[in-house]
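This report refers to the structure that appears directly beneath it.
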Amino acid sequence: MDFLALVIEPDGGLRHLVREALRGDGWRVVEACTADEVMSAISLRRQWPLVFCSDGFPSSESQAPGGTSILDALRSHLGALLTS
C-alpha cells in the first residue's frame, strides 16, 4: 500500500502538526491550504489512501472553482467520503 495522505487545513500550525504526526508513522504527505490547492492535488491523483480535511475553512475559501464546496469536490473526484 502506498502511504500517501492529503492534508487539507488552512491553519499552518495545525497542518504542520498533522503532517509531522503522519510522517512519524511513515506516511508521505501532500498539503493543501486553499481550495485551488485542493483541486490541484486531487486532479493529480485519483485515489488517496488518506484525506484529512479541516472543517475550519473561512466561508470565502470553502468553495472550489465552479462554486462547489471542497467536500463536494472531494466526493466527486474520490468517491465515498467519511466525515465526522
message: Condition (residue is among the small types (G, A, S), under 12 Å from the mean Cα position of the chain (by Cα), at pLDDT 65 or above and not in a loop (DSSP other than H, G, I, E, B)) applied to the range 66-78: is it met by at least one residue?
response: yes
message: Can you find, within the range 33-45, the residue that is modelled with the lowest pLDDT among those that are of a type in the set (S, T, Y) and within 12 Å of I8 (Cβ to Cβ)?
response: T34
statement: Contact list, first residue from the range 8-21 and among the hydrophobic types (A, V, I, L, M, F, W, C), second anywhere and part of a helix (DSSP H, G or I), beta-carbon distance below 6 Å, six or more apart or interchain, is I8/V38
Tally of residues being among the polar types (S, T, N, Q) and at pLDDT below 75 across the range 46-65: 4
- prompt: Which residues, taken from the range 33-55, are in a helix (DSSP H, G or I), touching a helix residue (DSSP H, G or I) at 6+ places or on another chain (Cβ under 8 Å) and surrounded by 12 or more Cβ atoms within 10 Å (Cβ to Cβ)?
  reply: A35, V38, M39, I42
task: Tell me, please, whether a residue that is surrounded by 11 or more Cβ atoms within 10 Å (Cβ to Cβ) and modelled with pLDDT under 95 can be found in the range 18-32.
output: yes
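The values are calculated or read from the model by the stated rules, or taken from the named source; none is laboratory data. Keep in mind the model is a prediction, meaning the values are calculated, not measured. Counting neighbours? That spans all protein chains shown, and the Cβs are built from the backbone with ideal geometry, glycine included.
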